[in-house]
Amino acid sequence: MSKVMIAHAVSVDGYITGRDPGAGRGLGDGTMLFDWYFDGDTPSQVFDGFRLSEPSARVFDSLAGRVGAIVAGRNTYEDSDRFGGGGPHPAARLFVLSHRPAPEMTERQALITTGIADAIAAAREAAGGKDVGLMGGGVATEALRAGLVDEVILHQVPILLGGGRPFFQALPEHVRLRLVEAVPAPGVTHLRYEVAR
């Protein structure tokens, strides 16, 4: 069965954006969280224009190749300029979880207003046996609360941002993780965890 995974670039102090994120400034003053996408010599086989270090390309392309659909929160969607009508992944359909209408949706995007379980179920169906990726702190936290996450992948960038949007919000209980892989690379350490059940 396909897996549900959270994957995100994150600072050492747990932020996925810097200060003052907004439309057109999705990372606020934390743009260095994505520098590792472009600071290497190895072109990504999945994302046009990404040039990563060899270890980052290996990890990133392996994960990106598994994804068949993405569920993102409304803040992520708006701050990313609605992904230009597409999605954050070149081949995966995008499902936006929101309680507010989103009239700008395109045929590559779908709005889900009935909760995280329905969003993940719709994404699983669209993924055609591939994995479902989750984007945004709110979506990640809701899915963890509901027990729907199989893997947590952190691309940890060696910086303390000191502020911004935290990746994880309050959880009702501890979520135990089991480290599966740790890959050091220039400018980032790739950490892959399984959620312990």
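Please report the projected area of the stretch 109-184's Cα convex hull averaged over all directions, in nm².
Its average projected convex-hull area is 7.0 nm².
Run through every distinct alpha carbon pair of the stretch 115-154 and return the Kirkwood hydrodynamic radius in angstroms, one decimal place.
Roughly 10.5 Å, rounded to one decimal.
For the chain, calculate the relative contact order in percent as a whole number, restricting contacts to Cα pairs under 8 Å that are 6 or more residues apart.
So the answer I get is 29 percent.
Quote the Stokes-Einstein diffusion coefficient, in whole µm² s⁻¹, for the stretch 1-93, based on the Kirkwood radius over alpha carbon pairs, a temperature of 37 °C and a viscosity of 0.692 mPa s.
Roughly 230 µm²/s, to the nearest whole number.
Any chance you could look up the accessible area of Phe60 with a 1.4 Å probe, heavy atoms only, rounded to 10 Å²?
Counting only protein heavy atoms, the figure is 20 Å².
With the other protein chains left in place, how much accessible area per residue, in square angstrom, belongs to the stretch 5-52 at a 1.4 angstrom probe?
Result: 49 Å² per residue.
What percent of all Cα-Cα pairs in the chain falls into each 5 Å bin, going from 0 up to the bin containing the maximum distance?
Per 5 Å bin, starting at 0, the Cα pair percentages come out as 1, 8, 16, 21, 23, 19, 10, 3, 0.
For the chain, what % of the accessible area comes from carbon and sulfur atoms, probe 1.4 Å?
Answer for the chain is 52 percent, counting heavy atoms of protein chains only.
Hey, what do the phi angles of the stretch 80-90 turn into as Karplus ³J(HN,Hα) couplings, whole Hz, using 6.51/-1.76/1.60 and θ = phi - 60°, x for Gly and Pro?
Whole-Hz 3J(HN,Hα) from phi for the stretch 80-90: 9, 6, 6, 6, x, x, x, x, x, 10, x.
Please compute P(r) over all alpha-carbon pairs of the stretch 147-197, binned at 5 Å starting from zero, and give each bin as a whole-number percent.
Percent of pairs per bin, in order: 5, 16, 22, 22, 21, 12, 2, 0.
The values are calculated or read from the model by the stated rules, or taken from the named source; none is laboratory data. Since the structure is predicted, the reported quantities are computational estimates derived from the model, not experimental observations. Accessible surface areas use protein heavy atoms only, side chains included; no ligands, DNA or RNA. Shrake-Rupley method; radii C 1.70, N 1.55, O 1.52, S 1.80 Å.
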